[in-house]
Amino acid sequence: MKKLFVFLSVLFFSITIFAQTPSIVQKIRLPLWAELDAYPEIVSEEDINSEVYAYPIEQLHQIAPFILGGMIYGWDFVYTPMDKARGVEEYFEITEIQPLTSQDKITYSSPWLQNNKLNCWCEFTRNEFQIQNYYLWSSIQNPSIQGLGYGSVYLGFEGIKEAAKDAVKQAVREHYRTLIKNKPQEITGSVLIKKMPTMGIDAGRYMIKLDFFLEYGRIKEYTEY
């Protein structure tokens with residue numbers, strides 16, 4: 001079972017959000033799932049311990065800390081809007097403000113198999129500093145924004161990261177369009193995921209909906225046309 005929990009540690013989030021969503025201010029509790037389509041021979045929990053999962057485990061160990069880090073510490077972003085008149089291509093990138101470490105303990109519980117999916121709960125308890133950090137982010141000075149992003153299923157779990165990045169970009173782009181009349185050269189800022197993500201597969205693509213607190217950074221205008 002220990003190896004099973006390691007496997008479950010980085011499974012991506014279920015599109016189904018339970019009716020009674022628990023608070024995430026102190027304790028984050030997220031439903032996780034992974035499809036078993038790639039391994040149709042699996043029929044029991046004992047089979048889940050097979051070495052055939054070595055590669056998915058390696059990939060999934062990257063995605064859970066990435067999403068949880070976006071909820072606990074947040075992501076910085078840099079955005080350059082497309083400007084055809086100037087021949088400028090759109091550019092968008094996010095970076096982790098503070099990556100999770102081994103001291104940021106994630107626990108996994110209640111694994112079950114259902115509808116060709118492996119499910120579990122992922123739990124993380126914020127320390128006092130992390131709780132205060134959440135309250136600072138949730139102040140009235142930081143507006144709430146949301147975005148819906150997509151990523152290629154052919155990229156595997158890198159597609160989850162692609163979808164999360166796309167969700168941030170859509171949220172940031174739509175928000176600043178209401179504030180800025182002329183396209184700027186560059187926008188910087190930070191976001192913190194404010195509640196549980198909604199994730200699934202839509203039309204053959206990974207889909208993720210994220211709600212954020214936005215912390216304004218810098219808006220760099222073009223000095224000349």
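Points to keep in mind about this one:
- Some residue of segment 194-202 being in a strand (DSSP E or B) and of a type in the set (S, T, Y): yes
- Restricting E123, E221 to residues that are under 21 Å from A64 (Cβ atoms) and either open to solvent by less than 30 Å² (accessible area, probe 1.4 Å) or not basic (K, R) (or both) narrows the list to E123.
- Qualifying residue in segment 97-111 (condition: modelled with pLDDT of 95 or more, open to solvent by 60 Å² or more (accessible area, probe 1.4 Å), under 21 Å from V25 (Cα atoms) and part of a strand (DSSP E or B)): no
- Scope segment 136-157; condition under 17 Å from W75 (Cα atoms) and either in contact (Cβ under 8 Å) with a residue 24 or more places away in the chain or in contact with a His (Cβ under 8 Å, 6 or more places away or on another chain) (or both); matching residues: W137, S138, N142, P143, S144, I145, Q146, G147, L148, G149
- When the residues of segment 150-180 are filtered to those that are of a type in the set (F, W, Y) and open to solvent by less than 50 Å² (accessible area, probe 1.4 Å), the one that is nearest to the chain's Cα centre (by Cα) is F157.
- Scan of segment 182-210 for residues that are within 22 Å of I140 (Cβ to Cβ) and open to solvent by 20 Å² or more (accessible area, probe 1.4 Å), ordered by number: T188, K194, K195
- The set of residues from segment 127-149 being in contact with a strand residue (DSSP E or B) (Cβ under 7 Å, 6 or more places away or on another chain) and open to solvent by less than 60 Å² (accessible area, probe 1.4 Å) comprises W137, S138, N142, P143, I145, G147, G149.
- Search result, residues across segment 60-92 that are assigned to a helix (DSSP H, G or I), under 20 Å from Q170 (Cα atoms) and either among the hydroxyl-bearing types (S, T, Y) or open to solvent by 20 Å² or more (accessible area, probe 1.4 Å) (or both): F66, K84
The values are calculated or read from the model by the stated rules, or taken from the named source; none is laboratory data. Computed from a predicted structure; not experimentally measured. So basically every Cβ, Gly included, is an ideal-geometry build from the backbone, and we count neighbours across all protein chains shown. Only protein heavy atoms, including side chains, enter the accessible area calculation; ligands, DNA and RNA are left aside. Shrake-Rupley method; radii C 1.70, N 1.55, O 1.52, S 1.80 Å.
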